[in-house]
Structure formats: C-alpha cells, structure tokens
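Down below is the structure, laid out as structure tokens.
The values are calculated or read from the model by the stated rules, or taken from the named source; none is laboratory data. For clarity, every value in this text was computed on a predicted model and none was experimentally measured. Methodologically, a virtual Cβ is constructed for each residue, glycine included, from the backbone with ideal geometry; neighbour enumeration extends over all protein chains shown.
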Amino acid sequence: MFYYIAKVIVLVIIKVIFRIEVRGLENIPKKGPVIICPNHISLLDPPVIGALLNRRIYFMAKEELFKNPFLKFLLGTGLGAFPVKRGTADLSAIKTALTYLKKGRAIGIFPEGTRSKTGKLQKAEPGVALLAIKGNAPVVPIGIKGKYRLFSKIIINIGKPITFEKYANSKLSSERLSAIGEEIMQEIAKLL
C-alpha cells in the first residue's frame, strides 16, 4: 500500500517540476520476470522510473543507503528495494534478485553500478548479465536524457526487451558476462 501511495505522490511532484516525456511504455512486459535497466545520471532516477512505469519495481540500491534507519525503512520496507555491496560479487543481493525474478517480479538495476558524473555511459557490472541468464528474465534497456533541473525536459526512452536464452546452458565466464553487459549498454546508448 505504501508503495502505491508513494508512487502517486512522486508522480504528481515530478509532473509539476519537470517536463517528462516517456516513450515506449508498451515495451514493459505486463507480467513475468523482467530486469529494468536504465542508465544512471541522478539520485532521482529510481523514484522517477518507479513512478512512471506500469509495474512495481524492486530496485537494487547501494548498501550505504540502508545504514540510515529512516532510509532503510523507506527503501526496504516501504519501497521493496534491497541492498547491494558495490564493487563486490554480492551473493546476498544476487540471491534476493533471483528470488524476486522467480516470483515473476520486476527488478531495477543500474548496470553501471553507480551514477555517471559526466552523463556518459560507463561499463556494465557483470551482475546484470548474470541475473538475466540465471533468472531467465528479459532485460528492458532504458535511456534517460536530460538534467533534473526545475522545469527541465527529461526524456525517458524505453527499449524493447532483450533476451539471453541462447546463453542459458553456456559456461558463464567473466568474458561472456562482460560481452552481455556490453550488449545491454549498447542498447541503452541507442536510446540516448
């Protein structure tokens, strides 16, 4: 219940303070597991994406945010986000994400692992590729263009889902995961 109330509040706020244009909403599967994969340019990306999409998104969020009791409650209990230790192979976060995917839920991952300070795309972390394959979930690339300034225009382009079924029975080497991550980033780049 809290999630949907927060979603409406955020939606009203962002529609008032930004000029947001969303293209490709029809590319978000209505049901079943899916990985939502936007580029990451601002702290506002998760609430904006969460408010605009037609499904509940369970975002992976940096562990540091969960150290604050209020944010831990807001993000975890209220919004369903779960922590990830950045810069490591966080098995707990991977297991949580796979559990959500097995339940047919949508998870949100910023494949770069952190915000881009320059706005340029960075290299994808291997976790998104691993989850797409192990979770048997399509990846929906999203390109966020613009700067979150008062009354500025933000364009959110949602690409068609990408599947990686061809790798389901393959050995998942770090090279293969990097190649899949690169493919995802190329699709995001096309949307910018």
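Scanning the stretch 89-116 for residues that are at pLDDT 95 or above and at positive phi yields a count of 1. For the subset of the stretch 166-178 comprising residues that are surrounded by 13 or more Cβ atoms within 10 Å (Cβ to Cβ) and of a type in the set (A, V, I, L, M, F, W, C), which member is farthest from PRO141 (Cα to Cα)? It comes out as LEU172. Mind listing whichever residues of the stretch 98-125 are within 15 Å of ALA137 (Cβ to Cβ) and either of a type in the set (Lys, Arg) or free of Cβ contacts under 8 Å to residues at least 40 places away in the same chain (or both)? Scanning the stretch 98-125 gives LEU98, THR99, LYS102, LYS103, ARG105.
A quick yes/no check of all residues on (1) in contact with a helix residue (DSSP H, G or I) (Cβ under 9 Å, 6 or more places away or on another chain); (2) not aromatic (Phe, Trp, Tyr):
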residue	(1), (2)
ILE35	yes, yes
VAL48	yes, yes
GLY78	yes, yes
PHE82	yes, no
ASP90	yes, yes
GLY104	no, yes
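Restricting the stretch 7-25 to residues that are within 18 Å of the chain's Cα centre (by Cα) and assigned to a helix (DSSP H, G or I) leaves a set whose member that is modelled with the highest pLDDT is LEU25. The set of residues in the stretch 68-85 that are over 16 Å from the mean Cα position of the chain (by Cα) and β-branched (Val, Ile, Thr) contains only THR77. With respect to LYS145, determine if the residue is of a type in the set (D, E, K, R) and more than 26 Å from LYS31 (Cβ to Cβ). Against the criterion (of a type in the set (D, E, K, R) and more than 26 Å from LYS31 (Cβ to Cβ)), LYS145 qualifies. What's the number of the condition THR88 fails, among (1) within 13 Å of the chain's Cα centre (by Cα); (2) exposed (fewer than 14 other Cβ atoms within 10 Å of the Cβ); (3) more than 26 Å from ILE17 (Cα to Cα)? Every condition holds for THR88 apart from (1).
When the stretch 128-139 is examined, which residues are found to be within 15 Å of TYR100 (Cβ to Cβ) and crowded, with 23+ Cβ neighbours inside 10 Å?
Residues satisfying the conditions are VAL128, LEU131, ALA132, ALA137, VAL139.
The condition of being more than 27 Å from VAL16 (Cβ to Cβ) and more than 15 Å from the chain's Cα centre (by Cα) holds for only one of GLY104, GLY119, GLY113, GLY146, that being GLY104.
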